[in-house]
Amino acid sequence: MSTVNFASREITCKIVYYGPGLSGKTTNLLFIHKKIPAKHRSDMVSLATDGDRTLFFDFLPLVTRAVKGFTTKFQLYTVPGQVFYNATRKLVLQGVDGIVFVADSAWNRMNDNHESFINMKENLADYGLTLEDVPYVLQFNKRDLPNKAPVEYMSNLLNREKQKVPQFESIAIKGTGVFETLNSVSRMVLVKLINELSAKKGS
Amino acid sequence: MASVKEVVERLAQVKGVVGSILVARDGLVVASNLSVQVQDEVVAAMVSAIGGTAVKASEMMGQGKLRNIVLEGENGKVFLTDSGIGYLGVLTAPDANIGLVRLELMETSETLKKLTAGAA
Amino acid sequence: MPRHRFITAEEQKQIDNLLRELLKNSDAKTALLLDQGGFLMSVQGFTEHLDPQTIAVLAAGAFATTRELAKLIGEEEFTVMFHQGRRDNIHLSAVGKDALMVIIFENTTTIGMVRLFARETGKKLQSILTVINQRKEEAPMGNIPMQE
């Protein structure tokens, strides 16, 4: 749920990085965090286990000036990918405005990608949402792997809703494709927000 | 307007009173001004136990709503009253003026009821 | 749940004032109001050396965790949580269905006092939040143009 505050003139939106375990969701956030000018970022909060796996979520707040007269804040969250953390995953999705689905390009992870995508739809359904309600993009990560699946294959596997969505190839660890993905989803979120606001005004 | 803390603490300054305490019904200390010999938590637990039993006892024995409780010990007395959000208690010296203490206790209790009206 | 939430300047002022009043009454140090997703709606009191946004997100996380715990033992929700430190303590309480209040206080006041006024403030905040949450999905002050 986006929040528009007319006192501080701020718009806040929540973007969640979803996807199977070890697909590179936290890596995306770490790269963004590293590249954002210090005055525009706060600390990144990471609740991780010893083995570098996200335990609860990662959280990174960003500040932009995408909307005239308003400070636009994006709160980026990741979910824990492991199957058994579904309760947490669902909690993080609460009030989501936009989603980046980070898929692992390794051939042997296609099943996990697919399962995670289905799981995302189920969890959204629990909040009464479908993928038509929430702007989302796909990111095919780890394109530098030798045993990667072709983009066409992954697209066929994951980008098969009625409305096709933008998809990005990335190597998150090097930063390739990370900002393209973020820019795309944040723009979609804002366009949707503004459309909804002006549509209501007109009617 | 004085704060809850100030009102409770002021009660301990009445002549003959050695300590005052406001305890929520479940035994949590809200504010207190006790001497070091008795621990807040101990007094609070006792106050809520006595208070709870007395409220019930008064009703079941046909005496109606509880007004206050007096406990007399060798070393002094304890006065308790129901103060809306919890129990207000004072500990006194053995020779304290009971009438005065009781009056102050009731007045303080009324003040507290007003101060905490929104929280009850 | 509405898709968007609008907070007017007047509502923001009322929320801020209620938290300030709470701090004065309870002698606590810092108070935050956030939604259950960790979005910070107000922070009042001492904030030096504190990162309110991170506190908000973690508090929401902690609360969400206990809600799941509650479900596991057949409770609907725990409405109050308390973390006791050596000097600083944190009191977390639910404000209605979708907001949380975080109160940080030192040992100069008591948990009983904080809880007392948290309850009172919570009720008042809840009525403001109800108005905000029931607001129709239209901007109360003109259009919001996108910057090119």
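The values are calculated or read from the model by the stated rules, or taken from the named source; none is laboratory data. The structure presented is a predicted model; accordingly, all values stated were derived computationally and were not measured. Cβ atoms come from the backbone with ideal geometry, glycine included; neighbour counts cover every protein chain shown. Keep in mind that these areas ignore ligands, DNA and RNA; they rest on the heavy atoms of the full protein, side chains included. Shrake-Rupley method; radii C 1.70, N 1.55, O 1.52, S 1.80 Å.
A:I171: open to solvent by 50 Å² or more (accessible area, probe 1.4 Å), away from every other protein chain (no Cβ under 14 Å) and of a type outside the set (K, R), yes or no?
Numbers: open to solvent by 50 Å² or more (accessible area, probe 1.4 Å): no; away from every other protein chain (no Cβ under 14 Å): yes; of a type outside the set (K, R): yes.
No; evaluated as a whole, the condition is false for this residue.
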**Item:** B:A54 within 14 Å of another protein chain (Cβ to nearest Cβ), in a helix (DSSP H, G or I) and either more than 11 Å from the chain's Cα centre (by Cα) or over 14 Å from B:G89 (Cα atoms) (or both)
**Value:** no
**Fill in**
Given (1) part of a helix (DSSP H, G or I); (2) within 14 Å of chain B (Cβ to nearest Cβ); (3) modelled with pLDDT under 95, C:N133 misses just (2)
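Right, C:F82: touching a strand residue (DSSP E or B) at 6+ places or on another chain (Cβ under 7 Å) and within 21 Å of C:T130 (Cβ to Cβ) or not? Show your work before the answer.
Working: touching a strand residue (DSSP E or B) at 6+ places or on another chain (Cβ under 7 Å): yes; within 21 Å of C:T130 (Cβ to Cβ): no.
Answer is no for this residue.
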**Request:** For residues that are within 16 Å of the chain's Cα centre (by Cα) and in contact (Cβ under 8 Å) with a residue 24 or more places away in the chain, tally how many sit in the range A:31-45.
**Result:** 3
**Fill in**
The number of residues in the range C:70-90 that are more than 10 Å from chain A (Cβ to nearest Cβ) and either touching a residue at least 60 places away in the same chain (Cβ under 8 Å) or assigned to a helix (DSSP H, G or I) (or both) is 1
**Request:** Name, by its number, the condition in (1) open to solvent by 20 Å² or more (accessible area, probe 1.4 Å); (2) within 14 Å of chain C (Cβ to nearest Cβ) that does not hold for B:V42.
**Result:** (2)
**Only one of B:N33, B:N75, B:N68 that is more than 25 Å from C:G122 (Cβ to Cβ) and more than 12 Å from the chain's Cα centre (by Cα)** = B:N75
**Prompt:** Out of the range C:70-95, which residues are surrounded by 13 or more Cβ atoms within 10 Å (Cβ to Cβ) and hydrophobic (A, V, I, L, M, F, W, C)?
**Reply:** C:A70, C:F78, C:V80, C:M81, C:F82, C:I90, C:L92, C:A94, C:V95
**Message:** Against the condition open to solvent by 10 Å² or more (accessible area, probe 1.4 Å) and away from chain A (no Cβ under 12 Å), how does C:F39 come out, does it pass?
**Reply:** no
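Name the strands (runs of 3 or more DSSP E) wholly within the range B:63-120 that hold at least 1 residues that are over 18 Å from C:R115 (Cα atoms), among the polar types (S, T, N, Q) and open to solvent by 20 Å² or more (accessible area, probe 1.4 Å)? Full working, then the answer.
Values: elements: B:68-72, B:77-82, B:86-92.
Filter on the range B:63-120 gives B:68-72.
Can you report the number of residues in the range B:45-62 which are β-branched (V, I, T) and open to solvent by 50 Å² or more (accessible area, probe 1.4 Å)? Before you say what the answer is, go through the steps one by one.
We begin by selecting, within the range B:45-62, every residue β-branched (V, I, T); these are B:47, B:50, B:53, B:55.
Narrowing the set further to residues that are open to solvent by 50 Å² or more (accessible area, probe 1.4 Å) leaves B:50, B:53.
The total comes to 2.
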**Fill in**
In the range C:42-69, anything open to solvent by 30 Å² or more (accessible area, probe 1.4 Å) and either of a type in the set (V, I, T) or part of a loop (DSSP other than H, G, I, E, B) (or both) is listed as C:V43, C:F46, C:T47, C:E48, C:H49, C:L50, C:D51, C:I55, C:T65
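Looking at the range B:5-27, is at least one residue part of a helix (DSSP H, G or I), open to solvent by 30 Å² or more (accessible area, probe 1.4 Å), without any contact (Cβ under 8 Å) to a residue 12 or more places away in the chain and within 14 Å of chain C (Cβ to nearest Cβ)? Quick ask: steps written out before the conclusion?
Here is the first cut: in the range B:5-27, the ones part of a helix (DSSP H, G or I) are B:5-11.
Subset that is open to solvent by 30 Å² or more (accessible area, probe 1.4 Å): B:5-6, B:9-10.
Okay, now just the ones that are also without any contact (Cβ under 8 Å) to a residue 12 or more places away in the chain, so B:6.
Subsequent filtering for residues that are within 14 Å of chain C (Cβ to nearest Cβ) retains B:6.
For the range B:5-27, residues part of a helix (DSSP H, G or I), open to solvent by 30 Å² or more (accessible area, probe 1.4 Å), without any contact (Cβ under 8 Å) to a residue 12 or more places away in the chain and within 14 Å of chain C (Cβ to nearest Cβ): present.
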